[in-house]
Amino acid sequence: MEFTNFKTGDIILFHTPVKWYSPMSWLAGLIRVFTKCRYNHVGVVILNWGVPFLNEATATGVTTMPLKDRFGDSPIRILRYNNPIKEDTFAIKANDKVGHTGYDFSGLLWFQLIYQLTGHWLGHTGAAAEGKMYCGEYAAWMFPKAFPEPWKTAPSVIYNSTKFKVKFEGMYKIN
């Protein structure tokens with residue numbers, strides 16, 4: 001997939017390698033184990049003035065950065081929604097969370113773990129879940145028809161969704 005072919009609404013799943021000297025990468029490994037998925041992180045592509053950015057929920061909250069700065073040396077999967085989206089409306093919604101929506105540590109570390117083990121969601125739901133978000137929740141929130149309960153969404157749910165087409169999978173290098 002050429003870098004110029006990204007569209008607003010593309011989802012990118014990331015595989016963060018576990019490194020013994022990086023405790024945050026240990027969490028990535030645990031996410032993959034509990035969700036039984038190759039990918040542990042997810043972000044959404046937004047074209048701002050024709051330039052692709054990646055919006056994602058990180059430990060500092062919902063952030064954005066130029067997409068070209070986000071690729072590393074680990075595998076990714078790029079998905080595109082099967083149905084057309086209104087790109088301008090989608091971008092406004094996505095960018096509205098940037099800079100002031102915190103990270104949902106309890107949703108990821110506690111409630112998502114319980115949900116993966118028992119199938120019962122005990123965390124926030126509805127509008128109460130929108131004040132803080134973890135990565136899968138943020139990406140799913142952008143697609144309410146595909147994920148009506150985004151607070152329950154792990155990267156594995158997005159990975160397995162039949163409502164998206166795989167556009168690319170592997171090591172992505174910008175030419």
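The values are calculated or read from the model by the stated rules, or taken from the named source; none is laboratory data. Just so you know, these numbers come straight off a predicted model, no measurement behind them. Cβ: placed from backbone, ideal geometry, glycine included. Neighbour counts: every protein chain shown.
Of the residues ARG80, ARG70, which is of a type outside the set (Val, Ile, Thr) and under 17 Å from ALA146 (Cα atoms)?
Selected residue: ARG80, the only one of ARG80, ARG70 that is of a type outside the set (Val, Ile, Thr) and under 17 Å from ALA146 (Cα atoms).
Might you check whether a residue that is in contact (Cβ under 8 Å) with a residue 24 or more places away in the chain and of a type in the set (Lys, Arg) occurs anywhere in the stretch 63-76?
Yes - at least one qualifying residue is present in the stretch 63-76.
In the stretch 96-110, how many residues are in a helix (DSSP H, G or I) and in contact with a Phe, Trp or Tyr (Cβ under 7 Å, 6 or more places away or on another chain)?
As a first pass, look at the stretch 96-110 and keep what is in a helix (DSSP H, G or I): 96, 105-110.
From what is left, the residues that are in contact with a Phe, Trp or Tyr (Cβ under 7 Å, 6 or more places away or on another chain) are 107-108.
Here the count works out to 2.
Considering only the stretch 77-95, I want to know if a residue exists there that is surrounded by 18 or more Cβ atoms within 10 Å (Cβ to Cβ) and either assigned to a loop (DSSP other than H, G, I, E, B) or of a type in the set (S, T, N, Q) (or both). First the steps, then the outcome.
Of the residues in the stretch 77-95, the ones surrounded by 18 or more Cβ atoms within 10 Å (Cβ to Cβ) are 77-81, 90-91, 94.
From the residues that got through so far, the ones that are either assigned to a loop (DSSP other than H, G, I, E, B) or of a type in the set (S, T, N, Q) (or both) too are none.
No, there is no match, as no residue in the stretch 77-95 is surrounded by 18 or more Cβ atoms within 10 Å (Cβ to Cβ) and either assigned to a loop (DSSP other than H, G, I, E, B) or of a type in the set (S, T, N, Q) (or both).
Can you name every residue in the stretch 16-43 that is in a loop (DSSP other than H, G, I, E, B), of a type outside the set (Phe, Trp, Tyr) and either at pLDDT 90 or above or surrounded by 17 or more Cβ atoms within 10 Å (Cβ to Cβ) (or both)? I'd like the intermediate steps shown before the answer.
Our first condition is that a residue be in a loop (DSSP other than H, G, I, E, B); within the stretch 16-43, this holds for 16-22, 36-40.
Going one step further and asking which of them are of a type outside the set (Phe, Trp, Tyr), we end up with 16-19, 22, 36-38, 40.
Across the stretch 16-43, the qualifying residues are THR16, CYS37, ARG38, ASN40.
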